[in-house]
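Novice: This is the structure I have questions about; it appears just below.
Values quoted throughout were computed directly from the atomic coordinates according to the rules given, and no laboratory measurement underlies them. The model shown is predicted, which means the values in this text are computed figures rather than measured ones. Every residue, glycine as well, gets a Cβ built from its backbone with ideal geometry; the counts of neighbours run over all protein chains shown.
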Amino acid sequence: MRPIIGITCDYDWQVDNFLLQSSYAEGICRAGGLPLIIPPISSCTTVEGMSDILSKIQGLLLTGGQDVHPRYYGEEPHVAIGRVNPHRDDLELPICQAAVEAGMPIFGICRGVQLMNIALGGDAYQDLKTQYNDGDLICHSQSAPKWAPYHHVSIKEESRLHQILGTYQIDTNSFHHQAVRNLAYGLEPVAWAADGVIEAIESESHPFLIGVQWHPERMLEDPRMMRLFEAFVEAAASYKS
Ligand SMILES: [Mn+2]
């Protein structure tokens, strides 16, 4: 039986549509998982709804998208913040917390890495260009095809991410104007861009809690990016609620 992976999706309130890039589901399928898209609607965001969802899935994939509202880390919206989506925040922050408590494997991508850090008590740069002062900021918003590697990422030795990717250096795509700033307790940074921006985080104590700032689902032809999905689905396959 293939493990069922819950995948968060976007809701566009202007046209009343749920949205998900198919490559997220494709990555899960290719890795041997069965995708279950979780819509950010009220029947899923109640305590009962979330508990029902969590009882049906063995892994949680937190996908890319808009900015998490900064109120969740005690800030007002910065002048350069992007679009925020209360529908997603209302579902994803508590379901992430509940999944962490349950020891369920969680994989975060882009918004997902920021969201898991915020859900656990960390915060984010609301806008790198105006708020990041620790060095010469490189470009993190590529004008190139989504599958195209764009900037270097250095990976920490001995990290789980390193074990999965099998390399200390990888070229990734990059589409983000935010990034993880202060880490939540229990999380550690395990990958950085050349400017020091955190590109991946993980938890040592959790069975599988990994977030990456880039978009591996857009680079599935790279076997190392597929390994991320495979390792996640493998962890989900051995998850016991
Ligand atoms: Mn980047």
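Novice: Rounded to whole Hz and in sequence order, give me ³J(HN,Hα) for segment 205-215 from the Karplus expression 6.51 cos²θ - 1.76 cosθ + 1.60, θ = phi - 60°, writing x for Gly and Pro.
Specialist: 7, 8, x, 7, 9, 10, x, 10, 7, 8, 10
Novice: If I take the Cα coordinates of segment 106-190 and project them onto the principal axes, what are the three extents in Å, biggest first?
Specialist: Rounded to whole Å, the extents work out to 34, 34, 24 Å.
Novice: Exposure proxy check: Tyr11, Tyr168 ranked by fewest other beta carbons within 10 Å?
Specialist: Numbers: Tyr11 19, Tyr168 13.
Final ranking by Cβ density, sparse to dense: Tyr168, Tyr11.
Novice: A further question follows. For Ile106, which sequence-distant residues (separation of 5 or more, or a different chain) have an amide H within less than 5 Å of its own amide H, given hydrogens modelled in the peptide plane?
Specialist: Distant-sequence amide H within range of Ile106: Leu60, Phe208, Leu209, Ile210.
Novice: Quick one: what are the phi-derived ³J(HN,Hα) couplings along segment 68-75, Karplus 6.51/-1.76/1.60 with θ = phi - 60°, whole Hz, x for glycine and proline?
Specialist: Taking θ as phi minus 60°, the curve returns 6, 4, x, 4, 6, 10, x, 10 Hz for segment 68-75.
Novice: Sort Asp171, Asp89 so that the residue with the fewest other Cβ atoms within 10 Å of its own Cβ comes first and the one with the most comes last.
Specialist: The order, fewest Cβ neighbours first, is Asp171, Asp89.
Novice: Right, here's the next one. If you plug each phi of segment 155-163 into the Karplus form 6.51 cos²θ - 1.76 cosθ + 1.60 with θ = phi - 60°, what whole-Hz ³J(HN,Hα) values come out, in order, with x for Gly and Pro?
Specialist: 10, 5, 4, 6, 7, 5, 4, 5, 4
Novice: Something else: Over segment 4-237, what lengths in whole Å, largest first, do the semi-axes of the equivalent ellipsoid take, defined as the square roots of 5 times the eigenvalues of the alpha-carbon gyration tensor?
Specialist: Whole-Å semi-axes of the equivalent ellipsoid: 24, 21, 17.
Novice: In debye, nearest 20: dipole of the chain around its Cα centre with unit charges on the Cβ of K, R (+) and D, E (-)?
Specialist: Charge dipole of the chain: 480 debye, to the nearest 20.
Novice: Then there's this: Using modelled backbone amide H atoms (1.01 Å from N, in-plane), which distant-in-sequence or interchain residues come within less than 5 Å of Asp195's amide H?
Specialist: Excluding prolines and chain starts, which carry no amide H, the hits are Ile138.
Novice: Taking H placed 1.01 Å from N in the peptide plane, check which residues at least 5 places from Leu34 or on another chain put their amide H under 5 Å from its amide H.
Specialist: Amide H to amide H, under 5 Å and 5 or more residues apart or across chains, Leu34 pairs with Ile4, Ile5.
Novice: Let me ask you something else. Around Ile138, what is the net charge, scoring Lys/Arg as +1 and Asp/Glu as -1 over all other residues with Cβ under 13 Å from its Cβ?
Specialist: Within the 13 Å Cβ shell, the charges total -4.
Novice: From the helices alone, meaning DSSP H stretches of at least four residues, give me the mean residue ellipticity at 222 nm for the chain, per-run term -39500 (n - 2.57), in deg cm²/dmol to the nearest 500.
Specialist: The per-residue figure over the chain is -8500 deg cm²/dmol.
Novice: Okay, moving on. With each label point set 7 Å from Cα along the Cα-Cβ vector, what nm distance links Lys240 and Lys56?
Specialist: 2.5
Novice: Another question, if that's okay. Given 20 °C and 1.002 mPa s, how large is the Stokes-Einstein diffusion coefficient of segment 150-194 in µm²/s, with Rh as the Kirkwood radius over Cα pairs?
Specialist: The diffusion coefficient I find is 185 µm²/s.
Novice: In whole angstrom, how far apart do the alpha carbon centroids of segment 179-215 and segment 39-64 sit?
Specialist: 23
Novice: Given points 7 Å out from each Cα along the Cα-Cβ axis, report the Lys156 to Tyr168 separation in nanometres with one decimal.
Specialist: 1.5
Novice: On to the next question. Using the beta-carbon distance between Ser43 and Ser22 and R0 = 22 Å, what value does 1/(1 + (r/R0)^6) give for FRET efficiency, to the nearest 0.05?
Specialist: For Ser43 and Ser22, the calculated efficiency is 0.35.
Novice: What ranking do Glu202, Glu158 get, fewest neighbouring Cβ atoms within 10 angstrom at the top?
Specialist: Numbers: Glu202 24, Glu158 8.
So the residues, fewest neighbours to most, are Glu158, Glu202.
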